[in-house]
Amino acid sequence: MEWINQAAAARDAAQRQITAAQAAPAPKAARPLTEEEIAKVIKDLGDLTDRLQQAAPEHNAPLYAAFGLRLTYDHSKRAVTVESRPESVRTRRAGGECPRGDLNPHAR
């Protein structure tokens, strides 16, 4: 009869865990930043951008690599295209690239 009591106690404990999990608030989903929040971040980083511009390129390279920055200069348009794929995003995908290739080739 002891095993019945143990099984009932285990069942009751599991039921308490289920009830507690259902009663717990759902984790908040990350929301996109608003324009005002982005502007504040940029303003707060203003001094940092000045320091980055003054630093030697070889000192900035590890930071740019961590942000996954790729800059492409178009001489005819005198414009730079900046792409960013942070390490945290790249490591979530196998091989770091979309397995189906570039899905939007005309946007280049």
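Quick notes
- Note on segment 1-41: Cα-Cα pairs beyond 14 Å make up 69% of the total pair count.
- Additional length obtainable on full extension of the chain from residue 70 to residue 82, 0.36 nm per residue less Cα span: 3.7 nm
- Segment 20-70: Rg to Rh, with Rh as the Kirkwood radius over Cα pairs: 1.25
Coordinate-derived values only; no laboratory data. Note that the structure is predicted; figures quoted are calculated from it, not measured.
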